[in-house]
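Engineer: Before anything else, here's the structure in question.
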Amino acid sequence: MEYLGTIVMIAVSTALINNFVLHYFVGICPFIGVSRRVDMAFGMGCAVTFVMTVAAALSWAFTFFLLQPGAPVTAWVWHAINPGAAETVDLSVLNYIVYIFVIASSVQLVEMYVRKFFPKLYRSFGVFLPLITTNCAILFACLEIMKHISGVTEGVHAWGLDKALIFALFGGLGFTLAIVIMAGIREELDYCDVPVSLKGPGITLIIAGILALAFMGFAGVDAGLRKGLSPKPEAVSQVVKETAWPRG
């Protein structure tokens with residue numbers, strides 16, 4: 001039950017409460033540039049979600065096995081070369097380079113797939129699809145996962161691959177939700193009399209601010225979920241009683 005509660009908390013917090021775009025304001029470039037039509041926004045959201053999930057899995061593996069201080073593979077190689085060495089190998093200085101390489105490779109995979117099977121969607125994306133490589137929301141997800149691996153050995157703050165994937169998947173879904181909502185509003189704006197000085201990025205940024213305020217309404221949902229998923233006091237006391245006086 002505790003594990004399920006942790007997974008639900010990560011999912012809800014990442015997608016709604018701490019939405020990458022509307023809380024941390026990362027990934028703003030595609031959020032503004034590809035939110036003119038709902039279908040394009042949805043396609044971009046799915047592509048970002050896929051790339052973010054793949055990049056999170058690969059970055060978790062690289063960080064856990066190779067880059068963190070005392071990583072098992074790195075330590076094994078180091079002690080094989082230097083038997084009896086007591087130093088701890090730390091390759092975390094390479095985190096950024098490895099993450100960027102992983103993200104760029106994932107984007108190339110998505111680009112080839114979309115160009116092969118969805119050529120119309122590929123032409124609609126234009127230059128924005130290769131620019132997923134520079135989407136800071138994906139690098140942000142990799143760095144957040146790194147914070148829960150390097151130097152964290154145990155406890156709820158230590159993330160395994162399962163929690164890292166949930167974080168990345170719902171981070172991408174939160175990005176998709178935000179960009180689709182923005183695209184729906186911008187399509188309706190085509191029928192509105194927007195002042196000339198606010199047309200384009202101006203009115204878009206104002207709407208983004210209003211959406212960020214609206215998403216602040218989800219603050220506190222995590223506390224309610226945590227309370228709802230925690231065992232009831234009666235259940236806890238019953239478990240303690242049965243543990244203290246086992247029936248023979």
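The values are calculated or read from the model by the stated rules, or taken from the named source; none is laboratory data. Please read all numbers here as calculations on a predicted model, not as lab measurements. Neighbour counts are summed over all protein chains in view; Cβ atoms, including those assigned to glycine, are modelled from backbone coordinates with ideal geometry. Protein only, heavy atoms only, side chains kept; ligands, DNA and RNA dropped before computing areas. Shrake-Rupley method; radii C 1.70, N 1.55, O 1.52, S 1.80 Å.
Engineer: Which members of the stretch 209-228 meet the condition of being loosely packed, with under 12 Cβ neighbours inside 10 Å and among the charged types (D, E, K, R)?
Structural biologist: Within the stretch 209-228, just 227 meets the criteria.
Engineer: Still on this structure, I have one more. Output the number of the condition that residue 95 fails; it satisfies all remaining conditions of (1) over 26 Å from residue 76 (Cβ atoms); (2) open to solvent by less than 70 Å² (accessible area, probe 1.4 Å); (3) of a type outside the set (Phe, Trp, Tyr).
Structural biologist: (1)
Engineer: Could you run through the stretch 13-52 and say how many residues are part of a loop (DSSP other than H, G, I, E, B), open to solvent by less than 50 Å² (accessible area, probe 1.4 Å) and under 19 Å from residue 206 (Cα atoms)?
Structural biologist: Taking the stretch 13-52 and keeping what is part of a loop (DSSP other than H, G, I, E, B), we get 18-27, 34-37.
Those left that are additionally open to solvent by less than 50 Å² (accessible area, probe 1.4 Å): 18-22, 26-27, 34-35.
Within this subset, residues satisfying the condition of being under 19 Å from residue 206 (Cα atoms) are 19-22, 26-27, 34-35.
Selection size over the stretch 13-52: 8.
Engineer: Does the stretch 51-87 hold any residues that are of a type in the set (S, T, N, Q) and in contact (Cβ under 8 Å) with a residue 12 or more places away in the chain, and which are they?
Structural biologist: If we filter the stretch 51-87 for residues that are of a type in the set (S, T, N, Q), which is where we start, we get 53, 59, 63, 68, 74, 82.
The answer is 53, 59, 63, 68, 74.
Engineer: Limited to the stretch 110-124, what total is found for residues that are of a type in the set (A, V, I, L, M, F, W, C) and surrounded by 13 or more Cβ atoms within 10 Å (Cβ to Cβ)? So that I can check it myself, show each step before the final result.
Structural biologist: Just the residues of the stretch 110-124 that are of a type in the set (A, V, I, L, M, F, W, C), to begin with: 110, 112, 114, 117-118, 121.
Remaining after also requiring surrounded by 13 or more Cβ atoms within 10 Å (Cβ to Cβ): 110, 114, 118, 121.
Qualifying residue count for the region: 4.
Engineer: Follow-up. Within the stretch 152-160, is even one residue part of a helix (DSSP H, G or I), modelled with pLDDT under 80, out of contact with any His (no Cβ under 8 Å at 6 or more places or on another chain) and of a type outside the set (A, V, I, L, M, F, W, C)? Quick ask: steps written out before the conclusion?
Structural biologist: Going through the stretch 152-160, the residues part of a helix (DSSP H, G or I) turn out to be none.
There is no residue in the stretch 152-160 that is part of a helix (DSSP H, G or I), modelled with pLDDT under 80, out of contact with any His (no Cβ under 8 Å at 6 or more places or on another chain) and of a type outside the set (A, V, I, L, M, F, W, C).
Engineer: Surrounded by fewer than 13 Cβ atoms within 10 Å (Cβ to Cβ), of a type in the set (A, V, I, L, M, F, W, C) and not in a loop (DSSP other than H, G, I, E, B): which single residue out of 206, 145, 179 fits that description? Talk me through it step by step, then tell me what you get.
Structural biologist: Values: 145 fails: surrounded by fewer than 13 Cβ atoms within 10 Å (Cβ to Cβ); 179 fails: surrounded by fewer than 13 Cβ atoms within 10 Å (Cβ to Cβ).
Criteria check complete, one pass: 206.
Engineer: Any residue in the stretch 135-151 that is under 11 Å from residue 103 (Cα atoms) sitting within a Cβ distance under 8 Å of a residue that is open to solvent by 40 Å² or more (accessible area, probe 1.4 Å) and aliphatic (A, V, I, L, M)? List the pairs, counting only those 6 or more apart or interchain.
Structural biologist: Pairs that qualify, where the first residue is under 11 Å from residue 103 (Cα atoms) and the partner is open to solvent by 40 Å² or more (accessible area, probe 1.4 Å) and aliphatic (A, V, I, L, M), are 139/100.
Engineer: Oh, and also: Considering 85, 75, 104, 80, which residue is open to solvent by less than 80 Å² (accessible area, probe 1.4 Å), closer than 17 Å to residue 150 by Cβ, aliphatic (A, V, I, L, M) and modelled with pLDDT under 90? Don't jump to the end; show me each part of the working.
Structural biologist: On the way: 85 fails: closer than 17 Å to residue 150 by Cβ; 104 fails: closer than 17 Å to residue 150 by Cβ; 80 fails: closer than 17 Å to residue 150 by Cβ.
Selected residue: 75, the only one of 85, 75, 104, 80 that is open to solvent by less than 80 Å² (accessible area, probe 1.4 Å), closer than 17 Å to residue 150 by Cβ, aliphatic (A, V, I, L, M) and modelled with pLDDT under 90.
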